[in-house]
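Q: Starting off with a structure, shown below.
The values are calculated or read from the model by the stated rules, or taken from the named source; none is laboratory data. Being a predicted model, the structure only gives us computed values, none of them experimental. Neighbour counts run over all protein chains shown; Cβ positions are idealised from the backbone, glycine included.
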Amino acid sequence: MLGEEEIEEVVATLRSGWLTTGAKVRRFEEEFAAAVGAAHCVALNSCTAALHLAVEALGVQPGQAVLVPTMTFAATAEVIRYKGGVPLLVDCDSQTANMSLADAACKLESGLPTCVQSPPKRPKVVGMIPVHVGGLMMDMDAIHKFARRRDFWVVEDAAHAFPAAWRPQGESEWQRCGEGTAAVTCFSFYANKTITTGEGGMAATGDSDLAERMRMLSLHGLSHDAWGRYSGSGKWDYRIMAPGFKYNLTDLAASIGLHQLGRAEQMRLARERIAKFYLETLADVEAIELPPRDADRIHSWHLFPIKLRLERLAIDRNQFIEKLQLAGIGFSVHWRPLHLHPYYAETFGWRPEQFPVATALWERLISLPIFPAMTESEMECVASTVREICEENRR
Ligand SMILES: *Cc1c(COP(=O)(O)O)cnc(C)c1O
């Protein structure tokens, strides 16, 4: 949801003549760091870039493996492949669709040798990248306990999880996503995410060395003082410290982000209201399962995924979607799991039966529209259409 403030700030930036990384990016980093409670933030041109630099900075050698949920977007696993590493795919929880730590333990025990064709040797596992699917955070204590015991680093794919928070059951203190919840927490500001800069991302970390390294790598691996070039103080004699990348965010994008940040909680509350409406209005529809609620989570409600109870329906998910389309209702599916994509199936030999939960779940998933600008009548239209489709196609 864009407002006049974003438009005016972009125009002011255009008029200032400073288009690329400069003072507005610095301010966006500082304000975002304050919003999530992180010591350091590095603004980047995507969440994929943030994940890539996090993995670069923490280190993955060719042939080493990283635990990645199969129920995620392409980006989470591809950054491991950039380094020649093996994304060791993990099944999901049937309720939250988040990574299953029980299956992670199984995959570490038995998953590798039979299903990973290349490299043929059992790879060393060095880290894990949990994803907070839809903005419902995982139990971070459980993740860190799992990781610490095995000496894994943890990078969070928090593309959906701003603003979001969690707390251990029975405790009163909230921990925000990015507030020391992982070595690096990666956020997305892609056009359809909870806040947007058009394209953009942020890497949040409590570790100043990691922050420095990601910042250096984000701009061709130039020495830190080279950033002076971007603030006008002009250091012309930079040093190349590493073969870096071109991942910096622009002041034009940060102009949007600064104002999106200001209304992030207001937009989250608007989505929460829509989620509550769906949860209440659709509670008695027996042919669908609604997403779980958890009193120990502040949910960003980036997504509202419903699960069809196929045994109660005479139509399948794709036919259900056709009917939504006919009624003019927007939808999406999050996601076809990675192990069911040709690249991962062919490269690593993953089979559907190795991920029984995700394989079955994906056939039942539909994400309903949920965005802050949704009107009352749009919400009602979505709910009544879903109800009608279920009633008309009851088995
Ligand atoms: C959108 C998304 C990304 C990638 O974000 P970009 O900013 O587009 O790079 C990564 N992971 C998940 C789970 C996403 O949904």
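Q: If we scan the stretch 275-294, do we find a residue that is polar (S, T, N, Q) and within 30 Å of Glu391 (Cα to Cα)?
A: Yes, some residue in the stretch 275-294 is polar (S, T, N, Q) and within 30 Å of Glu391 (Cα to Cα).
Q: Of all the residues that make up the stretch 1-24, how many are among the charged types (D, E, K, R) and touching a strand residue (DSSP E or B) at 6+ places or on another chain (Cβ under 9 Å)?
A: Matching residues across the stretch 1-24 total 0.
Q: While we're looking at this one, here's another question. Just checking, how many residues over the stretch 373-382 are assigned to a helix (DSSP H, G or I) and over 19 Å from Glu322 (Cβ atoms)?
A: Here the count works out to 5.
Q: State whether one or more residues within the stretch 3-14 are surrounded by 15 or more Cβ atoms within 10 Å (Cβ to Cβ) and not in a helix (DSSP H, G or I).
A: Scanning the stretch 3-14 turns up no residue that is surrounded by 15 or more Cβ atoms within 10 Å (Cβ to Cβ) and not in a helix (DSSP H, G or I).
Q: To continue, here is another question. Within the set of pairs 6 or more residues apart or between chains, which connect a residue that is touching a residue at least 40 places away in the same chain (Cβ under 8 Å) inside the stretch 305-327 to a residue that is among the acidic types (Asp, Glu) and in a strand (DSSP E or B) with Cβ atoms less than 6 Å apart?
A: Filtered contacts from the stretch 305-327: Lys307/Glu289.
Q: Which of the residues that make up the stretch 243-285 are of a type in the set (Phe, Trp, Tyr) and either outside the structural domain of Phe371 (by TED's automatic domain parsing) or in contact with a Cys (Cβ under 6 Å, 6 or more places away or on another chain) (or both)?
A: Residues satisfying the conditions are Phe245, Tyr247.
Q: Something else now. Name the single residue that is nearest to Met71 (Cα to Cα) among those in the stretch 320-338 being among the hydrophobic types (A, V, I, L, M, F, W, C) and not in a loop (DSSP other than H, G, I, E, B).
A: Across the stretch 320-338, the extreme among qualifying residues is Leu338.
Q: Now a separate question. What number of residues within the stretch 15-48 satisfy the criterion of being surrounded by fewer than 23 Cβ atoms within 10 Å (Cβ to Cβ), hydrophobic (A, V, I, L, M, F, W, C) and outside any helix (DSSP H, G or I)?
A: 3
Q: Restricting attention to the stretch 57-79, and to residues there that are assigned to a helix (DSSP H, G or I) and within 15 Å of the ligand (Cβ to nearest atom), which single residue is farthest from Arg336 (Cα to Cα)?
A: That would be Val79.
Q: Quick one: count up the residues across the stretch 42-54 that are among the β-branched types (Val, Ile, Thr) and either within 13 Å of the ligand (Cβ to nearest atom) or in contact with a Pro (Cβ under 7 Å, 6 or more places away or on another chain) (or both).
A: The total comes to 1.
Q: Considering each of Thr181, Thr185 in turn, give the residue that is out of contact with any Cys (no Cβ under 9 Å at 6 or more places or on another chain) and of a type in the set (S, T, N, Q).
A: Answer to the check: Thr181.
Q: Considering only the stretch 364-378, state which residues are under 19 Å from Ser300 (Cβ atoms) and of a type in the set (Ser, Thr, Tyr).
A: The one that is under 19 Å from Ser300 (Cβ atoms) and of a type in the set (Ser, Thr, Tyr): Ser367.
Q: Still on this model: Please tell me if Thr359 is away from the ligand (no atom under 16 Å from the Cβ), assigned to a helix (DSSP H, G or I), touching a helix residue (DSSP H, G or I) at 6+ places or on another chain (Cβ under 8 Å) and β-branched (Val, Ile, Thr).
A: Yes, satisfied.
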